[in-house]
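*Asks:* Please see the structure below; I have some questions.
The values are calculated or read from the model by the stated rules, or taken from the named source; none is laboratory data. Just so you know, these numbers come straight off a predicted model, no measurement behind them. Glycine also receives a Cβ, built like all others from the backbone with ideal geometry; neighbour counts cover every protein chain displayed. When the accessible area is computed, the model is the full protein with side chains, heavy atoms only, and any ligands, DNA or RNA have been set aside. Shrake-Rupley method; radii C 1.70, N 1.55, O 1.52, S 1.80 Å.
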Amino acid sequence: MAFDGSSIIVVAIFGVFLVNLTSSLVFAKGPCQFPAIFNFGDSNSDTGGLSAAFGQAPPPNGMSYFGHPAGRYCDGRLVIDFLAESLGLPYLSAFLDSLGTNFTHGVNFATAGSTIRPQNTTLHQSGFSPISLNVQFYEFHDFHVRSQIVRKRGGVYETILPKEEDFSSALYTFDIGQNDLTSGYFLNMSVDEVKAYVPDVLNQFLTIIKDIYDVGGRYFWIHNTGPVGCLPYVMERIPVLAGQIDRYGCASPFNEVAQFFNHGLKKTVQQLRKDLPHAAITYVDVYSVKYSLISQGRNHGFNQPLRTCCGHGGKYNYNKNLGCGGKVHKQGKDVLVAVPCQDPSTHVNWDGVHFTEAANWYIFERIVDGSFSDPPHPLNMACYRD
């Protein structure tokens, strides 16, 4: 059948109409209504888990915002705190904390020192938590079942525990993997030996995401790991050759392994999208944000991108045997020597391992709008698959 000129124009106009209609439908989607956040991770998002189990993070942690220790290894708030705030939710209570907790709007299963793959050492032997990601899932699963049994008692329990339907509507957040890499280095493994076990670590991560999906989880927000080669606790403990230090002072070999991990994590997420048809999974490139913070920090008011704010001695003001708030015994008295800097907001690093509240805010501001996400959804649209 032949088409005259007017027919072609009509078809073209109709095509433009369809494109515009489709675009309008995409942008017409309303923001997600997440009633709760269930978080899994390590010290980058721990709001009190390790402190509840093994003793509180000491002063001056918490000084900039809370005015006292608040279970966080930071002078103030973490990225997870800002994420919760932006969704209109309260800060997450740690699952392991039995005092003053409220789980109505979610639970934090993260503990400082946690890994994806279980470690074969104790916390005091290696500094890594026994509460690995699989244990965090066991805690979550138990909480999911028992919270609904307890909630049926009514009264106060209805005000401190989530509703059953909240589990399928909640956002499941993950920030874990850094310790899986550093644990190998601290066991004197080479970068090649660490890279060799990364596939197993990622396979275990994949299994946990599937386990959560199987019990109803649908919306996932997954951070990749940061540039560990820019952290004083790594650079101070594991010397590298001068030629392996990049122009910003970071140890390139360790950052290259972190990027190798992240490449594998992104492929894992892509596989999960195929395997879990009803899941919306957002991969967030915090590595790039953190590296830009360190490499361009002075442009944003961070005069000390590598040097620790709260510590004592050494090139980076970091001493593994005398952490932030550390004291020495002199003349019969305990004397505080690992003191905080005058203005933590000018530092990226708080204690040699963790970032300051100011740095965490910088990271949050850049990831919340989806600029570093795949798919490029802002946080409040993370319930959509595409």
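*Asks:* For a quick check, take a GNM of the chain with Cα springs below 10 Å and name the residue from Thr308, Thr104, Thr207 with the largest mean-square fluctuation.
*Replies:* Thr207
*Asks:* Continuing with the same structure: Roughly how many Å² of Tyr185 are accessible to a 1.4 Å probe, to the nearest 10?
*Replies:* Accessible area of Tyr185: about 10 Å².
*Asks:* Further question on the same structure: In segment 129-185, what GluC sites (Glu not before Pro) fall in a loop by DSSP, with at most 16 other Cβ atoms inside 10 Å? Spell out each step's value before the answer.
*Replies:* Working: sites: Glu139, Glu158, Glu164, Glu165; in loops: Glu164, Glu165.
When the GluC sites (Glu not before Pro) of segment 129-185 are filtered for loop state and at most 16 Cβ neighbours within 10 Å, Glu164, Glu165 remain.
*Asks:* Pop out the carbon and sulfur fraction of the accessible area of segment 14-165 as a percent, whole number, probe 1.4 Å. Provide the component values of the computation, followed by the final result.
*Replies:* Working: 4260 of 7120 Å².
So the carbon and sulfur contribution to the accessible surface is 60 percent.
*Asks:* Scan the chain and hand back the longest stretch that contains none of the trypsin sites (Lys or Arg not before Pro) lying in DSSP loops with at most 12 other Cβ atoms within 10 Å.
*Replies:* Working: sites that count: Lys29, Lys152, Arg153, Arg247, Lys315.
With a cap of 12 other Cβ atoms within 10 Å, the longest stretch comes to 30-151.
*Asks:* Just to check, using Stokes-Einstein with a Kirkwood Rh over alpha carbon pairs, what's the diffusion coefficient of segment 96-176 at 10 °C and 1.306 mPa s in µm²/s? Walk me through the numbers on the way to the answer.
*Replies:* On the way: Rh = 14.1 Å.
Translational diffusion coefficient: 113 µm²/s.
*Asks:* Where both partners of a DSSP beta bridge lie in the chain, what percent of those bridges are antiparallel, to the nearest 5?
*Replies:* Numbers: 9 of 28 bridges.
The antiparallel proportion sits near 30 percent.
*Asks:* Output the Cα-based Rg and Dmax of segment 284-341 in Å, rounding Rg to one decimal and Dmax to a whole number.
*Replies:* Radius of gyration, then largest Cα-Cα span, for segment 284-341: 15.3, 51 Å.
*Asks:* Would you mind computing the Rg to Rh ratio of segment 166-275 from its alpha-carbon coordinates, Kirkwood style for Rh? Could the numbers behind the result be given before it?
*Replies:* Numbers: Rg = 16.0 Å, Rh = 15.2 Å.
Here the Rg-to-Rh quotient is 1.05.
*Asks:* Could you work out the local net charge near Asn319, counting Lys and Arg as +1, Asp and Glu as -1, over the other residues with Cβ closer than 15 Å to its Cβ?
*Replies:* Numbers: positive: Arg237, Arg307, Lys315, Lys320, Lys327; negative: Glu236, Asp351.
That sum, taken over residues with Cβ under 15 Å, equals +3.
*Asks:* Under the rule of -39500 (n - 2.57) per DSSP H run of 4 or more residues, summed and divided by the residues of the chain, what mean residue ellipticity at 222 nm is obtained, to the nearest 500 deg cm²/dmol? The partial results should precede the final answer.
*Replies:* Working: 13 runs with 149 residues, N = 386.
Mean residue ellipticity, 222 nm, calculated: -12000 deg cm²/dmol.
*Asks:* Gaussian network model of the chain, Cα springs within a sub-10 Å range: biggest mean-square fluctuation belongs to which of Asn321, Asn224, Asn255?
*Replies:* Checking each option, the largest mean-square fluctuation is seen for Asn321.
*Asks:* Ignoring ligands, DNA and RNA, please state the percent of accessible area on segment 194-236 from carbon and sulfur, probe 1.4 Å.
*Replies:* Taking all protein chains in place, segment 194-236 shows 46 percent carbon and sulfur surface.
*Asks:* Quick test of the membrane-span-like rule: which DSSP H helices of the chain reach at least 20 Å along their long axis (C-alpha atoms) with mean Kyte hydropathy at least -0.5?
*Replies:* Values: long enough: 5-27 (33 Å, 2.08); 133-151 (26 Å, -0.30); 191-214 (35 Å, 0.22); 252-275 (34 Å, -0.88).
Helices passing the filter in the chain: 5-27, 133-151, 191-214.
*Asks:* On to the next question. With a probe of 1.4 Å, find how much accessible area the chain has per residue, and write the answer as a whole number in Å².
*Replies:* Numbers: 17730 Å² over 386 residues.
It amounts to 46 Å² per residue over the chain.
*Asks:* Using a Cα-Cα cut-off of under 23 Å, which lysines could be cross-linked to Lys163, ignoring same-chain neighbours fewer than 8 residues away?
*Replies:* Partners found: Lys152, Lys210.
*Asks:* Further, regarding this structure: When all C-alpha to C-alpha distances in segment 302-386 are sorted into bins of 5 Å, what percent of pairs does each bin hold, rounded to whole numbers?
*Replies:* Reading the bins upward from 0: 3, 15, 18, 14, 12, 10, 9, 8, 5, 3, 2, 1, 0.
*Asks:* A further question follows. Quick one: what does P(r) look like for segment 248-354 with 10 Å bins over all Cα pairs, in whole %?
*Replies:* P(r) over segment 248-354, rounded to whole percents: 13, 30, 26, 18, 10, 2, 0.
*Asks:* How charged is the neighbourhood of Asp46? Take every other residue with its Cβ under 14 Å from the Cβ of Asp46, and add Lys/Arg as +1 and Asp/Glu as -1. Walk me through the numbers before you get to the answer.
*Replies:* Values: positive: Arg72, Arg77; negative: Asp42, Asp81, Asp97, Glu139, Asp175, Asp351.
So the environment of Asp46 carries a net charge of -4.
*Asks:* Here's something else I'd like to know. Given the options Ser190, Ser373, Ser252, state which has the largest fluctuation in a GNM of the chain using a 10 Å cut-off (strictly under) for Cα springs.
*Replies:* Ser190
*Asks:* Moving on. Of all the C-alpha pairs in segment 242-296, what % are more than 17 Å from each other?
*Replies:* 50
*Asks:* Please work out, to two decimal places, the log10 of the ratio I(q)/I(0) at q = 0.06, 0.08, 0.10, 0.14 Å⁻¹ from a Debye calculation in which every Cα of the chain carries one identical scatterer.
*Replies:* Debye intensities relative to I(0), on a log10 scale: -0.26, -0.44, -0.66, -1.23.
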